[in-house]
Amino acid sequence: MRKNAVKSKLKKGQCVFGTMIKEILNLGIVDVLEIAGFDYFVIDMEHARYDMETIADILQYTRKSDITGVVRVPRLDYAYVAKALDMGAEGIWVPHLDTPEEAGQLAGYAKYPPQGIRGAAVPIFRNREYQQAESAAAYYQRCNDEVLLIAQIESARAVGNVAAIAGTPGIDVCMMGTNDLSLDMGYPGQGSHPEVKKAVQQVVDACQKANIVSGNHIGSLEALRYWMQQGMQMITYSFDFQLIIDSATAALTILNEGNLKKE
């Protein structure tokens, strides 16, 4: 059965690096991100236009590669969580997860009995894995073991509950939503505000104490390096079209400088 490479690296204490896709629909994005060296990508169903049919194509293509496909579902909802997994997601990222009760619901929705309540299903693209498993029980348990569950912490309430969220069985990662957190705390867009940084540090500390992973999703390499130094392991940098804009802007700046020197 396919192993979740990201989950495996995190368990070994390694850092993993990913980005979010918000616009690109072409399957080639999987190859582009893998060639670039990313460990994973996140399909944004919360703020972007992806539907289940679209993510199914991307995720099932992804399973033929070495990169890991994660889905940020629109909200905590059994239908979204279970169906995204049935479409091929190897990780589920839930936004605005504020309480340990919600964390428990996520774990229950994403795992088959006895750990959860996910309905039994063997999609056609996983049929061979099912047939090769030593038993049905072994197949479903392996699915439970391999799924990566990510709770996004993006409110003061969530920060206040983070120790209990991080300690919820089945939760693997607490991922910061720094922009939303800064907005909720009254410092919109100020991810480096001392009070916001203090709150993020609370999340890092709680995750270390619970022996799970913390992570962040922002567009600042400097800030991401800082949080890696504090102990964050799951580093989600920027998103598809911003990566293109940044690369093109940097290239054109260099080319225009050369053109000015000629003149």
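At a glance:
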| read-out | value |
| --- | --- |
| A138 crowded, with 20+ Cβ neighbours inside 10 Å and hydrophobic (A, V, I, L, M, F, W, C) | no |
| Those residues of the range 123-137 which are in a helix (DSSP H, G or I), aliphatic (A, V, I, L, M) and within 23 Å of K64 (Cβ to Cβ), in sequence order | I124 |
| Selection from the range 165-196 of residues that are charged (D, E, K, R) and surrounded by fewer than 18 Cβ atoms within 10 Å (Cβ to Cβ) | D180, E195 |
| Residue selected from the range 181-199 under the condition in a helix (DSSP H, G or I) and touching a Phe, Trp or Tyr at 6+ places or on another chain (Cβ under 7 Å), by the criterion nearest to Q14 (Cα to Cα) | V196 |
| Which numbered condition I35 misses (of (1) part of a helix (DSSP H, G or I); (2) closer than 29 Å to S155 by Cβ) | (2) |
| Hey, L106 touching a Lys or Arg at 6+ places or on another chain (Cβ under 8 Å), touching a residue at least 60 places away in the same chain (Cβ under 8 Å), assigned to a helix (DSSP H, G or I) and of a type outside the set (S, T, N, Q) or not | no |
| Pairs where the first residue, in the range 26-48, is over 19 Å from V6 (Cβ atoms) and the second is surrounded by 12 or more Cβ atoms within 10 Å (Cβ to Cβ) and of a type in the set (S, T, Y), C-beta under 6 Å, 6+ apart | L27/Y61 |
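Taken together, the values in this text are just the output of simple stated rules run on the coordinates, not laboratory data. All values reported here derive from a predicted model rather than from experimental measurement. Positions of Cβ are backbone-derived with ideal geometry, glycine not excepted, and every protein chain shown enters the neighbour counts.
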